[in-house]
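Presented below is the structure to which this report refers.
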Amino acid sequence: MKILSVNVGLPREVTWQGKLVTTGIFKEPVKAPVMVRTLNLDRDQQADLTVHGGANKAVYAYPSEHYRYWRTELPGVDLPWGMFGENFTTEGLFEETVYIGDRFRIGDAEVIVTEPRMPCYKLGIKFGRADMIKRFLASRRTGFYFAVAREGAVGAGDAIELIRQEQQETSVGDITRLYVFEKNDLKGLRQAIGIEWLPRSWKGYFQHQLEKQIA
């Protein structure tokens, strides 16, 4: 497992459906290692901090293996690393085998998996098509967020080493499944609510879903 590309970018203004929008989704690969901080990477920012960024979503990772799927789904679209707004383009990590709470050492940093990426309309801006959000979720190829347990420099080519796995019941893919596809999975909902590293907002949502099912 390794990092194929580290991608950063500062917010910029773009026009979308006649309106001026500020977004940080435009990321570009960098050659030199970048410091990974508690809230983001150096030279990288999020535009709307009410829904992006923060300690639980400091770093966004996206599997490089998914690019092959999207090249088939979106023929003719240029898909350089960082196209999905990810900070880390990874090799060897997948939503179904990465679990919430997994702790990895990458370069000099240590990170912890917290949640899948739920896309907003700005993904549609990046691709120039409003249906991209629906297609992204339907694909279940969401990527995932890291919290930063130890700050440090990370560069392309760095190995990704699993150093702790606290549970193997609920993967990143399971969270997406429970949120989008199988909202009545009572066992899955209960398991998710009990995971230490799943953010409070997710636990609250799943608790509400659970209560609706058993009411």
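Just to be sure before I move on: is F144 of a type in the set (F, W, Y) and touching a Pro at 6+ places or on another chain (Cβ under 6 Å) in the structure I sent? Taking the combined requirement at face value, the residue satisfies it. Scanning the stretch 90-118 for residues that are closer than 24 Å to G155 by Cβ, among the charged types (D, E, K, R) and over 12 Å from the mean Cα position of the chain (by Cα) turns up E91, D102, R103, R105, D108, E110.
K126 satisfies every condition listed in (1) touching a strand residue (DSSP E or B) at 6+ places or on another chain (Cβ under 6 Å); (2) of a type in the set (D, E, K, R); (3) under 18 Å from G9 (Cα atoms) except (1).
Of the residues screened, W202 is not one that is surrounded by fewer than 21 Cβ atoms within 10 Å (Cβ to Cβ), in contact (Cβ under 8 Å) with a residue 40 or more places away in the chain and among the hydrophobic types (A, V, I, L, M, F, W, C).
Conditions (1) modelled with pLDDT under 95; (2) in contact with a Lys or Arg (Cβ under 7 Å, 6 or more places away or on another chain); (3) under 20 Å from N56 (Cβ atoms); (4) of a type in the set (K, R), marked per residue:
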residue	(1), (2), (3), (4)
M118	yes, no, yes, no
S139	no, no, no, no
F146	no, no, yes, no
L178	no, no, yes, no
K183	yes, no, no, yes
L189	no, no, yes, no
P199	no, no, yes, no
K203	no, no, yes, yes
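The requirement of being at pLDDT 95 or above, aromatic (F, W, Y) and crowded, with 23+ Cβ neighbours inside 10 Å is satisfied by F84. As a summary of the residue check, I112 satisfies the conditions (1) closer than 19 Å to Q165 by Cα; (2) in contact with an Asp or Glu (Cβ under 6 Å, 6 or more places away or on another chain) except for the one numbered (2).
Assess whether Y67 counts as being touching a Leu at 6+ places or on another chain (Cβ under 6 Å) and either without any contact (Cβ under 8 Å) to a residue 12 or more places away in the chain or aromatic (F, W, Y) (or both). Spelling it out, Y67 is indeed touching a Leu at 6+ places or on another chain (Cβ under 6 Å) and either without any contact (Cβ under 8 Å) to a residue 12 or more places away in the chain or aromatic (F, W, Y) (or both).
Residues in the stretch 159-176 that are more than 19 Å from the chain's Cα centre (by Cα), surrounded by 13 or more Cβ atoms within 10 Å (Cβ to Cβ) and not polar (S, T, N, Q): E166, E169.
On inspection, V111 qualifies as of a type in the set (V, I, T), crowded, with 23+ Cβ neighbours inside 10 Å and at pLDDT 95 or above.
Checking Y121, Y145, Y179 one by one, the residue that is surrounded by fewer than 16 Cβ atoms within 10 Å (Cβ to Cβ) and either within 16 Å of the chain's Cα centre (by Cα) or closer than 25 Å to G204 by Cβ (or both) is Y121 and no other. Exactly one residue out of L137, L93, L41, L74 is in contact with a helix residue (DSSP H, G or I) (Cβ under 7 Å, 6 or more places away or on another chain) and touching a residue at least 40 places away in the same chain (Cβ under 8 Å), and it is L137. When the stretch 131-144 is filtered for residues that are over 17 Å from R177 (Cβ atoms) and either in contact with a strand residue (DSSP E or B) (Cβ under 9 Å, 6 or more places away or on another chain) or of a type in the set (V, I, T) (or both), only I133 remains.
The values are calculated or read from the model by the stated rules, or taken from the named source; none is laboratory data. Everything numeric here is computed off the predicted structure, so don't read it as measured data. All Cβ positions, glycine included, derive from the backbone under ideal geometry; neighbour counts span all protein chains shown.
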